[in-house]
Amino acid sequence: MSSSLPSEKALVPFVSVENMMRLVHHIGIETMLAELADFIEADFLRWERFDKTPRVASHSREGVIELMPTSDGEIYSFKYVNGHPKNMAQGLQTVTALGLLAEVSTGYPVLLTEMTLLTALRTAATSAMVARRLAPKGARTMAMIGNGAQAEFQALAMKAVCGIDHVRLFDIDPLATAKAARNLAGKGLTVTSCTSSQAATEGAQIITTCTADKQLATILTDNMIGAGVHINAIGGDCPGKTELHRDILKRADTFVEYPPQTRIEGEIQQMDPDYPVTEFWQVLTGQAEGRRDNSQITLFDSVGFAIEDFSALRYVRSKLDATGLYQELDIIADPDDPRDLFGMLQRAK
């Protein structure tokens, strides 16, 4: 007789927002950020094994909805993510996301999880993973321009992975800066709230820009950028949305994730199609040079790429058995006889 109970493969582990928060606190946020950085670096080191495609984006006047797929040949992943800057005025998140891992061999899902929190964590971990190689040696101070939902994650990742101990905050909304300063209190960082972008960059060896307006903006001008700094530009992430004056790009050595996507979405959309960039995975594998000297300006033109999400999902999956912080969802129809889907439906009366 056919069983009426779901099979093992029909039950997909699901990590809710509540369990994701529990997982972060169970591991410790700085430990988790450092471990995520290592997982992402490990996957960048095998970059050539992955399927790669620019994300599939549906743009509107209000924002963008995207799908971000990739596979290493054994595991497939995708993330659903939106970007709606106007949401904040309605008390909604600018970015929300969810993600899935599946076995390539069967096509069956093996993990479903919230990714609003996880995207913030993986974005910060990626920034720090890159800065570990490109920031000037001994960097201790970062500027955080744009103090929204990503700001605290960025600061703590740079602390955990790169050793910064001072963060200088600026946002056009003083309430956002006050929020970030309040959240970072007691986290082992000296926090300075600034009244302008230029003030925030003073004395900073790492400058992170993360603003939300969907427009061509100039958050940093050329005169703000001295020799030797590392710029982590993460806010410009779709066509028509940038943060840096193009003169900065003329002076900087620019590192990217996946050029076909970054040339459409990143800071380099302002530049000619032959503007030179270095794929960061090549720095990790020794095929390209990273930071050469103390006077070089390095720029990570980060738009977020699917392999980083793959790494984050892989990391979460690795923690499930030990923590039990998941639910099992019956979301795959898996009859005992794979030919008898209708019979399974009939027996459910």
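Could you compute the net charge surrounding L341? Neighbours are other residues with a C-beta less than 12 Å from the C-beta of L341; K and R count +1, D and E count -1. Result for the local shell: -2. Would you mind checking K137/K319; K86/K241; K159/K241; K9/K319; K159/K179; K9/K79 for any pair whose Cα atoms are more than 25 angstrom apart? Checking Cα-Cα distances, K137/K319; K159/K241 exceed 25 Å.
Across segment 136-305, C-alpha contacts under 8 Å between residues 6 or more apart give a mean separation that, scaled by the residue count, equals a relative contact order of 21 percent. Within the chain, DSSP assigns beta bridges of which about 50% are antiparallel (rounded to the nearest 5).
The Cα center of segment 249-311 and the Cα center of segment 116-130 differ in position by 17 Å. Backbone amide hydrogens, once placed in the peptide plane, bring R140 within less than 5 Å of Q205, excluding anything fewer than 5 places away on its chain. Across every direction, the projection of the convex hull enclosing the Cα atoms of segment 186-345 has a mean area of 16.3 nm². Classify segment 1-112: rounded, prolate or oblate, from the alpha-carbon gyration tensor (a ≥ b ≥ c, eigenvalue square roots; a/c under 1.5 rounded; otherwise prolate if a/b is larger than b/c)? Rounded, since a/c falls under 1.5. For the chain, evaluate the Debye formula with one uniform point scatterer on each Cα (no solvent term) and list log10 I(q)/I(0) at q = 0.08, 0.10 Å⁻¹, rounded to two decimals. For the requested q values the scattering log ratios are -0.40, -0.60.
Readers should treat all values here as calculations from the given coordinates under stated rules, not as data from a laboratory. Quantities reported herein were computed from a predicted structural model and do not represent experimental measurements. We place every Cβ from the backbone using ideal geometry, glycine too, and count neighbours over all the protein chains shown.
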